[in-house]
Each structure stands twice: as C-alpha cells, then as structure tokens.
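Right, one structure below, let's go through it.
The values are calculated or read from the model by the stated rules, or taken from the named source; none is laboratory data. Since this is a predicted model, take the numbers as computed values, not measurements. We place every Cβ from the backbone using ideal geometry, glycine too, and count neighbours over all the protein chains shown. Accessible surface areas use protein heavy atoms only, side chains included; no ligands, DNA or RNA. Shrake-Rupley method; radii C 1.70, N 1.55, O 1.52, S 1.80 Å.
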Amino acid sequence: MQPVYLDNNATTRVDPLVVEAMLPYFTEQFGNPSSLHAFGNKVGAALKKAREQVAALIGAAHDSEIIFTSCGTESDSTAILSALECQPERKEIITTAVEHPAVLTLVGHLEKKGYTVHRLAVDGKGRLDLDAYKALLSENTAVVSVMWANNETGTLFPVVEMAAMAQEVGAMFHTDAVQAVGKVAIDLKNTAIDMLSISGHKLHAPKGVGVLYLKRGVRYRPLLRGGHQERGRRAGTENVASIIGLGVACELAQQYMEHENTAVKALRDRLEAGILAAVPNCFVTGNPDDRLPNTANIAFEYIEGEGILLQLNKLGIAASSGSACTSGSLEPSHVMKAMGIPYTAAHGTVRFSLSRETTAEDIERVIEAVPPIVARLRKLSPYWGENGPVENPDQAFAPVYA
Amino acid sequence: MWEYSDKVQDHFFNPRNAGAVTEANATGDVGSISCGDALRLTLKVDPETEVILDAGFQTFGCGSAIASSSALTEIVKGMTLDDALKVTNQDIADYLDGLPPEKMHCSVMGREALAAAIANYRGEEWKDDHEEGALVCKCFAVDAVLIEDTIRANNLSTVQEVTHFTKAGGGCAACHEGIEEILTRVMAERGEAYAAGKAAANAPVLTTDPEKLAAAKRMQTILAAIEAIRPNLRRDHGDIEVLDIEGKTVKVRLVGACSGCQMEAVTLAGVQQKLMEATGEFIRLVPVHAAAHA
C-alpha cells in the first residue's frame, strides 16, 4: 500500500525537478564558485539565477537582499543577534509565546545574558492582541521577531501590520516565515519587514539550505565572518547544489501557489470535515478563519497523541503530534498551552500537513483510518466510559500527582 | 523517533488486560495529566490468600505507557500482594526488553500504580515520593529534580561531582551546559557563585594515552602491510619475518631465497617504501641477519 505523507510542515519531499537541476553541480560543475577555472565557471551564474528566483517568490526589491544560509534556524539566529549587535543601547526583544524553538530557545538564552524578552500571549484561537503589542513597543525595543505562520496550527500572524508598528519606534522587525513562504503571497518590497527567514526543505528543496532576507539599508552584523561569500555577510563556501535546488523550488512554489490555496485547501477542508463528522469529542485548534491552506491540527480529547501516531504509522500514514511524549519533554506543545487547550486535549493533538503532492485518495484513507484508532485508544483511557467520556471526567479520574 | 522493542510494540498494539476489572477490590490512580501520562490499575484480590486473581488497566498516555501498563498486569496476575510489592520498575522495563531512557518514567508509573492499588486494598494511604523534572542527561535518564536535590543534599559544586553522585553527564557530555545551569541556580541559593574552572568543563579523561593509541595503530598498519608483501616474496621462494617493532623502527629478517640474495638491499628498500606508504610516516627498516641474531 502506498504510504500517505501528511507531515509536510515537518519537511517535504524534494521535487524531482529540483533534484534534476542540482545533479550537475555535484559531478560536472563542482568547482568552487570563487575559482577562476572551467570547473566552476557556470556556478556563479547559477547562484545568481537562484538568488533571483528566491527574490521573485518573496517580492524582494533587489536580489542582493537574499543571503543564503544553512537552515531556517541559522537565519533566525543571525537576524536576532545582528539586530542586538547593531543597537547595543536597545535591550528589549518582543516575540510571541508560540514561536518555533529556533527563536524561543535563543531569546531564552539572551534573557539569561541580561536582555528583556516580552513573549506576546495568544487567545484560544492562537491570535495576538495588537494593543498589547503596541503597548510593549518602545525605544528600548531592539528587535521584534514574530512568525508569519505557526507551524503547529497554521495560524497566520499580521506581520505586515506589526512590522509597520515596529518601524514607528525604530525597532527592527524579523519574521520566521519558513511555513508561510510558498503558501501565502509575500511582497516584501511593499512592507516594513527588515528580515525574513526561509528554510529550503519546507518547500520541496533539500535540507541544509536556508535564506535570510535582509532589506537593503538595514544595519547588519554577520554571524559567520570569514571569506567574501554572500558579500561577506555569511562566510563559508556556498552549498551550491542546494542553493540552485532552492532556486528551482521557489520558482515551482510560485507556480503552485494558487493550487495550494485552492486544491490543497479543499483537501484539507475535506479531511477536517470528514474526521470531525466521524469522531466525537474532537476539535480543530488554531484560527480556522486565517491560517495556512495545508494545515489541520485536530485535538482528540482523552487520549494521547503518540498512541495515535504509532497506530497511523502502522497503516502507512505519517502525521505529527503536539504531545509531550513525541517532543521528549514533559509538557505538551507550548503552542497548545499558550492557547489554553486543556491537558486532556493538548496531549491528543495531531497535525496533518498536506502538500501539492497530497491526493484525494490519501485524504479518504486517513478519514477512514482515524475513527477506529481513536475509538481503540479511548477504550484504554480512564476518562472514557462505554459510549463517551465518563461523567465529570476531572473528578472521576484524579490521579495522585496530577 | 523512539526505538521501541518488539515487545513494547506488541503490548501497545495488542494490550493485555485492558479495561477495568469487574468486581475489583483494589484501585490505584497515579500519573500526571500535565505530563500526559496517567494510569488506573484495578485488581481483584482473593481476600483469603491475598493472591491477585485479575488485573486490568486504563491508561491515558503514550505507546510505552500503555505497553508498561499492559506488562504490569501480566506480571502481577497470580502473585500474592507481598510478592507483587517486590516488583520493581526495572522488572517492568526488562519484561518489555527495555525502554528508551526518556520513557523509563512509564515503568515507574506502573510500579507506583501497583503500590497505590495495594495500599488502597489494605486501607492504607499511599503517598508518592515521586518527583520528576525535565530530563537532563539522556544517556543515563537523570532528570533535573534529582540533580538539583543531589546538589543541595551533598553541597556539590562541580559538574564532575554531579556526575559522580548521579551519573548525569557521564556519557556524551552534551548535557553539561544544563548541569552547569542547575549548579549556578542551586549554588546561588547557598550564597556561592558557580565557577566553571577547568575541572568542570573538562572533557572526560581519556583512559588511553593517545600516544600509545597511535603506536598500537601504527604497529597494526605495519604488520598488515608486511602481510600484503609476503605473497610476492614467497613467489620467489623467499619470505620476511617481523622480529620487533619499536616506535618507527621495524626489525625484520629475510628468510629463504631472500636471505643473502644479492637483491636483498633492493627488496628491503621496496618493503620500507611500502611501509611508509601504509603508515604515512618515515619508517626505519633494520634487517637482522640470522647469524647475527642467533
């Protein structure tokens, strides 16, 4: 049976056209782009083309605003650390409680070093309060880092508006857009966004390549110093083949953008409707009215997510969970916690993330597979009775050190 | 993700004794919903003999929590309560052919559910001495609470000491930053500043001297290179023996047709060349003649 891959927010399959474009740069044009000889004389031009392809997808005004990095995390770290180094007199960072660990862990570390970190709260649907944000902005704010789309729920944040607000107090604005690029239209030249992170493997390019968009004129201090690569803004020999792959992937993403927002969205909606109709006591998390077209995050009450994933995996279906057990920590997903989802549901969240490769048959198989799995696990749950949750579940089962 | 043993997978996909036991006369509810693992164990105990006649579980938790619960019920069925109390969490993990370090707490939870159920049967109050923090050392499954308590109780002040007392940090050493953070916090409580110094941040002491290691490796390379040469010499009815290797000096004896051959010097030069190519170092080849040697 064909496996069903619905974990595209974790990573995507590299598009065959991307692989094809990359191959010559491993074996024929393997030269260092900094060299003069014939082994690499086409590499420079190929890198330039990739830069233009990336710039086109995100609406950058100049292709020199594109800095290739090794991953989204490197782009995030570079952006935030650069903003702090450029403005030593400003000691505050504003971010959200639901950022990716690439940002949250870094700012947590900076907090220990003496910076003040404000983590904007979200409501039950994962939305920010812009008044609270405005109140925090000041001339002490060095950088605001807010993700464009949340990786777990797909919820979109109003980053364009927030960047304009940051500009008013002279703070730099960075957005981690690794989930959004390729799925939502982005036109950076008409925004006040100073820096933006892209991760190649989220849009059918390989792992190990990323981008930091740096608006022309924004003050900048490199994370890696050394050679002249990337105009001295990110030293280290270019990951040539992957960069060229990312360029092609960006061009393909542009072509599929409408497809993502129509066909893929319709499949996602069908998946959600199908599961919600067949499974009692489950609900969609995040903001259904404003989110990525490919993401569905469903909380199944009274059971734990890892069990669901293991059972799905046995049927060849791949998804992911916000449960504590799958993250290796003792707490459920910080995103679910921030939204105030009760523990009995937060541990049972499953994220299904689609891509342009997802088919209608895939979706029907998942809709068929999920209800019996949930029913089986609920049979084992102390919160579940014969035909539904036990009455007053919190009192009926109150384990000793809850 | 996790590497679950076949046994764990079997008990997860085909759980034994799932559901509450009818006519149960002992119940133990343990776990923590915030951590995502909780378990109700129900037992039917023979009041005459105190033998566990039946056991059932209801678990809210991950794959290994369900498997641990299932294993627990299988282990204790037929035991007397006193024998059942001797079951350890390691017994549960062993029954399942082991659990990943991050998942050992699932077996602990099983053990606690058993103690709670037996206390419930005997009309006693069960108090858990359970405290669990975030996992710091993944090599030896040591959590933050244990490290913190141990530092406090023993007045520890270096990572090395923490490793000696708890094993935490004794493996891959990746968690040393985390241990240093706990040290900083706890030492601040007692008014001391954590000073990393050299000892704390030191890499684990190598048990083998790198010099000796290099020498042993060189010796092996030399012997292997000689072995590769021997068939060629044997074809000419000769041979070579290694008598001694001392650092980069190799004492050899040419035997058979090679011994006393006019081409001996050429042969030796060839051997030396091969040895140098193999080791990447200058090798001195000292021929020892049979007569001189004897």
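A few notes on this one:
Conditions tested, residue by residue: (1) open to solvent by less than 10 Å² (accessible area, probe 1.4 Å); (2) closer than 30 Å to residue B:182 by Cβ; (3) touching a Pro at 6+ places or on another chain (Cβ under 9 Å); (4) modelled with pLDDT of 95 or more.
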{"residue": "A:95", "(1), (2), (3), (4)": "yes, yes, no, yes"}
{"residue": "A:106", "(1), (2), (3), (4)": "no, yes, no, yes"}
{"residue": "A:109", "(1), (2), (3), (4)": "no, yes, no, yes"}
{"residue": "A:119", "(1), (2), (3), (4)": "no, yes, no, yes"}
{"residue": "A:130", "(1), (2), (3), (4)": "no, no, yes, yes"}
{"residue": "A:136", "(1), (2), (3), (4)": "no, no, no, yes"}
{"residue": "A:166", "(1), (2), (3), (4)": "yes, no, no, yes"}
{"residue": "A:175", "(1), (2), (3), (4)": "yes, no, no, yes"}
{"residue": "A:184", "(1), (2), (3), (4)": "no, no, yes, yes"}
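- With a requirement of 1 or more residues that are at pLDDT 80 or above and either more than 30 Å from residue B:161 (Cβ to Cβ) or touching a Phe, Trp or Tyr at 6+ places or on another chain (Cβ under 6 Å) (or both), the helices (runs of 4 or more DSSP H) lying completely within the stretch B:202-294 that satisfy it span B:210-235, B:264-279.
- Failed item, numbered, when residue A:243 is tested on (1) surrounded by 21 or more Cβ atoms within 10 Å (Cβ to Cβ); (2) farther than 16 Å from residue A:75 by Cβ: (2)
- Any chance residue A:198 is under 23 Å from residue A:319 (Cα atoms), open to solvent by less than 10 Å² (accessible area, probe 1.4 Å) and outside the structural domain of residue A:58 (by TED's automatic domain parsing): no
- Any hit, the stretch B:25-34, residues being of a type outside the set (Gly, Ala, Ser), within 11 Å of chain A (Cβ to nearest Cβ), under 21 Å from residue A:345 (Cα atoms) and assigned to a strand (DSSP E or B): yes
- Helices (runs of 4 or more DSSP H) lying entirely in the stretch B:55-138 (those with 3 or more residues that are open to solvent by 40 Å² or more (accessible area, probe 1.4 Å)): B:89-95, B:104-121
- Check on residue A:125, basic (Lys, Arg) and farther than 30 Å from residue A:351 by Cα: no
- Annotation: of all residues in the stretch A:369-402 being among the hydrophobic types (A, V, I, L, M, F, W, C) and in a loop (DSSP other than H, G, I, E, B), the one that is farthest from the other protein chains (Cβ to nearest Cβ) is A:390.
- Selection count where residues are touching a helix residue (DSSP H, G or I) at 6+ places or on another chain (Cβ under 8 Å) and not small (Gly, Ala, Ser), scope the stretch A:240-259: 9
- Among the conditions (1) among the hydrophobic types (A, V, I, L, M, F, W, C); (2) assigned by TED's automatic domain parsing to the domain that holds residue A:189; (3) modelled with pLDDT under 95, residue A:71 misses just one, which is (3).
- Count of the stretch B:10-24 residues which are facing chain A (nearest Cβ under 8 Å) and either at pLDDT 95 or above or surrounded by 15 or more Cβ atoms within 10 Å (Cβ to Cβ) (or both): 4
- Restricting B:72, B:41, B:81 to residues that are modelled with pLDDT of 95 or more and more than 14 Å from chain A (Cβ to nearest Cβ) narrows the list to B:81.
- Residues that are open to solvent by 20 Å² or more (accessible area, probe 1.4 Å) and under 18 Å from the mean Cα position of the chain (by Cα), drawn from the stretch A:338-366: A:338, A:351, A:356
- Tally, over the stretch A:68-93, of residues that are assigned to a strand (DSSP E or B) and buried (at least 24 other Cβ atoms within 10 Å of the Cβ): 3
- If you go through the stretch A:137-160 and pick out every residue that is part of a loop (DSSP other than H, G, I, E, B) and of a type outside the set (Gly, Ala, Ser), you end up with 12.
- Segments classed as strands (runs of 3 or more DSSP E), wholly inside the stretch A:161-252, with at least 1 members that are over 17 Å from residue A:145 (Cβ atoms): none
Quick grid of which residues meet (1) outside any helix (DSSP H, G or I); (2) loosely packed, with under 14 Cβ neighbours inside 10 Å:
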{"position": "A:21", "(1), (2)": "no, no"}
{"position": "A:26", "(1), (2)": "no, yes"}
{"position": "A:31", "(1), (2)": "yes, no"}
{"position": "A:35", "(1), (2)": "yes, yes"}
{"position": "A:41", "(1), (2)": "yes, yes"}
{"position": "A:44", "(1), (2)": "no, no"}
{"position": "A:54", "(1), (2)": "no, no"}
{"position": "A:61", "(1), (2)": "yes, yes"}
{"position": "A:64", "(1), (2)": "no, no"}
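- So residue B:49, is it within 14 Å of chain A (Cβ to nearest Cβ) and either in contact with a Lys or Arg (Cβ under 7 Å, 6 or more places away or on another chain) or outside any helix (DSSP H, G or I) (or both): no
- The listed residues are A:274, A:305, and the only one of them that is within 14 Å of chain B (Cβ to nearest Cβ), open to solvent by less than 60 Å² (accessible area, probe 1.4 Å), in contact with a helix residue (DSSP H, G or I) (Cβ under 7 Å, 6 or more places away or on another chain) and of a type outside the set (A, V, I, L, M) turns out to be A:305.
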